[in-house]
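Please read the structure below before turning to the comments.
What follows is calculated from the coordinates using simple rules that are stated; it is not laboratory data. If you're wondering where the values come from, they're calculated on a predicted model, not measured in any experiment. Note: ideal-geometry Cβ built from the backbone for every residue, glycine included; neighbour counts use all protein chains shown.
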Amino acid sequence: MKLIHILPLVSLATAVCAAPQSFDFKDPKGVNNAVFKLDAPLESINGSASGISGTVSFDLENPAATTGKIIVASESLTVPNPMQKEHLHSANWLDVAKYPEITFEAKSLANVKTDGNVTTADATGTFTLHGVAKEITVPIKLTYLADKLSARVPNLKGDLLVIRANFTINREDFNINKGQYEDKVSTTIDLSLAIAGASVAK
Amino acid sequence: MKKALQLFAVLVLLAAGAAWLATGANRGWTKTSVAVKTLDPVTGIDGISYEKKFLPGVDFLGAAFGGAALLAGASLFFRKPKTNQTNKKIPT
């Protein structure tokens, strides 16, 4: 076979390899979580959410082009105190019946730095909570784990993408008891996201 | 009855205090579950699950104090049983 015949095949293979991969963040192992913390006089309110889903498009050759949407089911927010959990879910606070999802849709990445399989960047996108959408920028860390899906889910081959993010939001920006209970619960909420998505090899 | 209520109030206080100390003297709110972290070795993510566990806090202690105070208060509505005393005259 002449070189001229091989070249298109090589470029096609390269194009296929370089194409962005879609990672599904519905974790069958239930490890994915979002942790939240609010300061309060007696002790801080610490809880987590496990109902995470969404998809992220990631290109190892061009991490700056990463986009995607992560969804957290409001109902999955849990705190160890049952009364606090009831208040948190109630119409007075998150109103989970009316607003069942908390979402972050990443639209663009800036300050992208890649070192091996780890990429750090500032992701700008729309954060929607309590029915209010607000554009925010979040520092994120992406770790690409090639061929590691089978280590988590037997009989499935593919790659994993781990996303970590730590950021702070203000509940008043999302109309959650604006100007109220400031002496009882802080207005700032510390959020910490640690999630892994899978891209099954075709 | 008065004595029994007072004794019960003391018992409530002691039992609540002992339960609070035995479960680690939690100075926060009462919890009915505790977060347990499990490391996923592949991704390095700490998975969080909740284990059912009763962890009495300061509100539990407060409720116990309140209950004991009510019992002790209720005991005040009962009179001390009178002891039979006969007035014997001392012969002169």
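Helix A:3-18 sits at what angle to the longest principal axis of chain A, using alpha carbons and giving 0 to 90 degrees rounded to 10?
Around 10 degrees separate the two axes.
Report, as an integer, the average count of C-beta atoms from other chains found within 10 Å of each Cβ along A:185-194. Provide the component values of the computation, followed by the final result.
Numbers: counts 0, 0, 0, 0, 0, 0, 0, 0, 0, 7.
Across the residues of A:185-194, the mean count of other-chain Cβ atoms within 10 Å is 1.
Quick one: which residues, 5 or more positions from A:GLU101 or on another chain, have an amide H under 5 Å from its amide H? H modelled 1.01 Å from N in the peptide plane, none for Pro or chain starts.
A:SER74
How crowded by other chains is A:72-85, given as the mean number of beta carbons from other chains within 10 Å of each beta carbon?
On the way: counts 0, 0, 0, 0, 0, 0, 5, 5, 13, 9, 4, 4, 2, 2.
Shielding by partners across A:72-85 averages 3.
Going by alpha carbons, how many degrees (0 to 90, nearest 10) lie between the helix axis of B:58-75 and the longest principal axis of chain B?
10
Would you please give the FRET efficiency between A:HIS87 and A:LEU156, computed as 1/(1 + (r/R0)^6) with r the Cβ-Cβ distance and R0 = 35 Å, to the nearest 0.05?
For R0 = 35 Å, the calculated efficiency reads 0.30.
So for each of B:24-34, A:77-87 I average, over its residues, the number of other beta carbons within 10 Å; can you give me the resulting order with the highest mean first?
Numbers: B:24-34: 15.6, A:77-87: 17.7.
Highest-to-lowest ranking by the protection proxy: A:77-87, B:24-34.
What are the ³J(HN,Hα) values, in whole Hz, obtained from phi via the Karplus relation 6.51 cos²θ - 1.76 cosθ + 1.60 with θ = phi - 60°, for each residue of region A:160-166 in sequence order, with x given for Gly and Pro?
Using θ = phi - 60°, the values come out as 10, 10, 9, 10, 10, 8, 10 Hz.
Between B:MET1 and B:VAL34, what is the spin-label point distance in nm, taking each point 7 Å from the Cα along the Cα→C-beta axis?
4.3
Between A:ASN62 and B:ALA74, what is the label-to-label distance in nm when each label sits 7 Å out along the Cα-to-Cβ direction?
Label at A:ASN62, label at B:ALA74, 7.6 nm between them.
From the phi angles alone, apply the Karplus equation (6.51, -1.76, 1.60; θ = phi - 60°) to region A:167-175 and give each ³J(HN,Hα) in whole Hz, x where the residue is Gly or Pro.
Values, residue by residue: 7, 10, 10, 10, 4, 5, 5, 10, 6 Hz.
Mind pulling the angle between the C-alpha long axis of helix B:2-22 and the longest principal axis of chain B? Nearest 10 degrees, somewhere in 0 to 90.
20
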